[in-house]
1. With more than 15 Å from the chain's Cα centre (by Cα), under 30 Å from Gly8 (Cα atoms) and not in a loop (DSSP other than H, G, I, E, B) as the only criterion, which of Arg86, Arg81 stands out?
2. Which of the numbered conditions does Gly8 fail, given that it passes all the others? Conditions: (1) touching a strand residue (DSSP E or B) at 6+ places or on another chain (Cβ under 6 Å); (2) under 21 Å from Thr116 (Cβ atoms).
3. Pull up segment 47-82, narrow it to residues that are buried (at least 21 other Cβ atoms within 10 Å of the Cβ) and among the hydroxyl-bearing types (Ser, Thr, Tyr), then point me to the one that is nearest to Asp95 (Cα to Cα).
4. How many residues does segment 91-109 hold that are at pLDDT below 95 and not hydroxyl-bearing (Ser, Thr, Tyr)?
5. Output yes when any residue across segment 86-99 is over 13 Å from Val63 (Cα atoms), surrounded by fewer than 20 Cβ atoms within 10 Å (Cβ to Cβ) and in contact with a helix residue (DSSP H, G or I) (Cβ under 6 Å, 6 or more places away or on another chain), and no when none is.
6. Select from segment 104-119 the residues that are surrounded by fewer than 20 Cβ atoms within 10 Å (Cβ to Cβ) and in contact (Cβ under 8 Å) with a residue 40 or more places away in the chain and write down the one among them that is nearest to Phe28 (Cα to Cα).
Amino acid sequence: MNTPAAAGLEVGAEAPPKDYGPMTRQMFVRYSGASGDLNPMHYDDAMARGAGYPSVFSQGMHVAALLAGYAVEWLGAENVRRFGVRFRTQVFPDDVLTCTGRVTAVSDTDQGRLVTVELEAAVAGKPAAVSGTADFLLPS
């Protein structure tokens, strides 16, 4: 994906979907160490199962980071003006996340084109793990 020409981006435009995964326990452990989120639910299978989960699961912020990377690959990190997410469901080992994005609003400003997008990271056949919205200010 490349940063689009601002003039060619309209409401309804979609970024090509991108897959991440399959997710692994090692990814969750590495993110735990990098982020400081040392909740054992992300790396201790016995504890996760004891709490009623089928296994360890990814941190919500790990999935949000993948979604953010997808969005900035599409519209450019330098253009981000707002990024927000909602955590919805867990992501487990062997899940493959598919990230998608769609333009929901475009307005011209003195500084450029303000583009609002809806974003989603989901595992096939399941509700979105993380959904989000973001604003990007693209040069005219």
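The values are calculated or read from the model by the stated rules, or taken from the named source; none is laboratory data. Quick caveat: nothing in here was measured; it's all calculated off a predicted structure. Backbone-built Cβ (ideal geometry, glycine too); neighbour counts: all protein chains shown.
1. Arg81
2. If we test Gly8 against (1) touching a strand residue (DSSP E or B) at 6+ places or on another chain (Cβ under 6 Å); (2) under 21 Å from Thr116 (Cβ atoms), just (1) comes out false.
3. Ser58
4. The total comes to 1.
5. Initially, segment 86-99 is screened for residues over 13 Å from Val63 (Cα atoms), giving 94.
This time we only want the ones that are surrounded by fewer than 20 Cβ atoms within 10 Å (Cβ to Cβ), so: 94.
From what is left, the residues that are in contact with a helix residue (DSSP H, G or I) (Cβ under 6 Å, 6 or more places away or on another chain) are none.
Within segment 86-99, not a single residue is over 13 Å from Val63 (Cα atoms), surrounded by fewer than 20 Cβ atoms within 10 Å (Cβ to Cβ) and in contact with a helix residue (DSSP H, G or I) (Cβ under 6 Å, 6 or more places away or on another chain).
6. Thr104
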